[in-house]
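Visitor: Quick one: this structure, given as structure tokens, is what I'll be asking you about.
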Ligand SMILES: N[C@@H](CCC(=O)N[C@@H](CS)C(=O)NCC(=O)O)C(=O)O
């Protein structure tokens, strides 16, 4: 089977997919679109947004659904329906958190952007990060049921980009999330991906 991932030259929503493909030891084409190319590419793709994964030429969008599909192949999607539900909930919470940060970043009115940043740093980030830290404490060092799942790979995959956009260290004073990050980055297939992935502005 052939796998082609198309995303921007960032980690962000592309990285959880790259982590999962690497974890599965799947050889994939890592197609990176530069910002200048984007206006001409956007009208050619199904819903005008990236990432896209092409499997044997079949064009697939929506990063969460793609990750869930790959996670099932990797046995990282929960051992029963309830565990899968807990993983899905964790990932949707990460997506809500991401959207808060993105909403600040894409605000075009400078005054509103400054106000959004204050709220983001003083309220939203502590609100979410405290909860994420506590969930990892309650679940013995992982997001769900004390074992590695795609929720862990998803969170650590998007973390650098969120930190880059929020311009603060999200893991400061979050020792359990820091430990989770170390564990995920030490997974051999993830480690070798990190060693060979291209350097981009969000991880430089
Ligand atoms: N729900 C979609 C969201 C995709 C999304 O928002 N992609 C952004 C980049 S992270 C994008 O393509 N933005 C460019 C645009 O909308 O023109 C997913 O999870 O894949």
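Visitor: Can you give the FRET efficiency to the nearest 0.05 for residue 26 and residue 134, using r as the Cβ-Cβ distance and R₀ = 30 Å?
Guide: 0.35
Visitor: Okay, next question. Which residues does a label at residue 106 reach in region 1-27, if reach means a backbone N under 19 Å from a point 7 Å past the Cα toward the Cβ?
Guide: Counting backbone N atoms under 19 Å from the label point, the list is 6-16.
Visitor: Shifting gears a bit: Among 150, 105, 38, what is the fewest-to-most ranking by other Cβ atoms within 10 Å? Before the final figure, lay out the partial values.
Guide: Values: 150 30, 105 16, 38 11.
Final ranking by Cβ density, sparse to dense: 38, 105, 150.
Visitor: Over the chain, what is the mean sequence separation of C-alpha contacts under 8 Å (at least six apart), divided by residue count, expressed as relative contact order in percent?
Guide: 26 percent
Visitor: Can you give the FRET efficiency for residue 192 and residue 145, using 1/(1 + (r/R0)^6), R0 = 22 Å, r = Cβ-Cβ distance, to the nearest 0.05?
Guide: 0.25
Visitor: What FRET efficiency comes out for the pair residue 182/residue 203, r = Cβ-Cβ distance, R0 = 22 Å, nearest 0.05? If you can, show how the numbers build up before the last one.
Guide: Numbers: r = 16 Å, r/R0 = 0.73.
Between residue 182 and residue 203 the formula returns 0.85.
Visitor: Run the simple label-point estimate for residue 82 and residue 169 please: 7 Å along Cα→C-beta, distance reported in nm.
Guide: Computed distance between label sites residue 82 and residue 169 equals 3.9 nm.
Visitor: Per residue, how much space in cubic angstrom lies within the convex hull of the C-alpha atoms of region 84-194?
Guide: Output value, Cα hull per residue: 96 Å³.
Visitor: Pairwise over distinct Cα atoms, reciprocal of the mean inverse distance: report the Kirkwood radius of the chain in Å, one decimal place. List each step's numbers first, then the result.
Guide: Working: mean 1/r = 0.0566 Å⁻¹.
One over the average 1/r among Cα pairs gives 17.7 Å for the chain.
Visitor: Going by C-beta contacts inside 10 Å, put 2, 124, 44 in order with the fewest on the left. All intermediate terms of the calculation are to be shown ahead of the outcome.
Guide: Details: 2 11, 124 18, 44 7.
In increasing order of surrounding Cβ atoms, one gets 44, 2, 124.
Visitor: Would you mind calculating the relative contact order of region 7-115 from Cα pairs under 8 angstrom and at least 6 residues apart, reporting the percent as a whole number?
Guide: In percent, rounded to a whole number, it is 21.
No value in this document is a laboratory result; all are computed from the given coordinates. Please read all numbers here as calculations on a predicted model, not as lab measurements. FYI the Cβ positions are ideal-geometry reconstructions off the backbone, even for glycines, and counts take in every protein chain you see.
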